[in-house]
Amino acid sequence: METVGSEPLIGWRLWRALGDTLVSWIAEENWAPGENAAECLAQHRTPCEAPPGAGCRCGYWATFGPERCLHLVRPRIGERALGFYGRPVLGLVAGWGEVTIHGREGFRAGRAAPVLLFNDVVAPRGLRPLRGWHRRRGATLEGLRRRYGVPVVSLRAALQQGVLAELGAGETGIAEAAQMLGPQPREYPPALKGGQPSPPTTG
Ligand SMILES: [Zn+2]
């Protein structure tokens, strides 16, 4: 664990959407549009002055990849994924201010803002593309897009159009996204038709 300066980092998070509000899974905390400033929630000792405190769990968590993110929250989304406690929504956050890196897992930041939301359906086993019949999910996402002022796209589109790279999602996260989505549909140059597809490019 190390503390770095004020360089903004991009990480992956899973929220649950209650109406048009993004709520943290673990801390039951509502996220505001734009900048959010973390508070230490320690109850049986003096709260950290400037989250993320060393040896504490405060600050906004984000992981370096989508699979890591689901892995972290998966034990908690079995029944919640059914929508009873709100719809799970995967997205990217920018974290800055005081930032503590947790190995290859992710980081905790004192300040964070949602920067992009993915419309994919989040199920305990992974992501599924949003379809036309997911009307209520579509309406929820539209509410989030308006309230938070961030783009809402499919993970596949974000990957294929280079949005992840553009936002600074990092190679680890991009590789994990590509792996989660499986083989990418692609147009082969005529000379390669019938040959082996080249490895998916991740932009
Ligand atoms: Zn703390």
Query raised in the report: Of the residues Gly59, Gly53, Gly65, which is of a type outside the set (Lys, Arg) and either without any contact (Cβ under 8 Å) to a residue 12 or more places away in the chain or more than 9 Å from the ligand (Cβ to nearest atom) (or both)?
Result: Gly65
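Kindly establish whether Gly19 is surrounded by fewer than 14 Cβ atoms within 10 Å (Cβ to Cβ) and within 9 Å of the ligand (Cβ to nearest atom).
On the way: surrounded by fewer than 14 Cβ atoms within 10 Å (Cβ to Cβ): yes; within 9 Å of the ligand (Cβ to nearest atom): no.
In short, no.
Is at least one residue of the stretch 129-138 open to solvent by 60 Å² or more (accessible area, probe 1.4 Å), farther than 16 Å from Gly182 by Cα and aromatic (Phe, Trp, Tyr)?
The first filter runs over the stretch 129-138 and keeps only residues open to solvent by 60 Å² or more (accessible area, probe 1.4 Å), leaving 129, 131-133, 135-136.
Next, only the ones that are farther than 16 Å from Gly182 by Cα stay: 131-133, 135-136.
This time we only want the ones that are aromatic (Phe, Trp, Tyr), so: 133.
Checked against the condition, which is being open to solvent by 60 Å² or more (accessible area, probe 1.4 Å), farther than 16 Å from Gly182 by Cα and aromatic (Phe, Trp, Tyr), the stretch 129-138 yields at least one hit.
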**Report entry** Neighbours by Cβ (under 7 Å, 6+ apart or cross-chain): first from the stretch 33-44, within 20 Å of Leu22 (Cβ to Cβ); second hydrophobic (A, V, I, L, M, F, W, C) and more than 12 Å from the ligand (Cβ to nearest atom)
**Finding:** Gly34/Ala113; Glu35/Ala113; Asn36/Ala112; Asn36/Ala113
Report task. Give Ala158, Ala191, Ala123 a once-over and let me know the one that is at pLDDT 95 or above and hydrophobic (A, V, I, L, M, F, W, C). Result -> Ala158
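The values are calculated or read from the model by the stated rules, or taken from the named source; none is laboratory data. Because the structure is predicted, anything quoted here is derived from the model rather than measured. Methodologically, a virtual Cβ is constructed for each residue, glycine included, from the backbone with ideal geometry; neighbour enumeration extends over all protein chains shown. Protein only, heavy atoms only, side chains kept; ligands, DNA and RNA dropped before computing areas. Shrake-Rupley method; radii C 1.70, N 1.55, O 1.52, S 1.80 Å.
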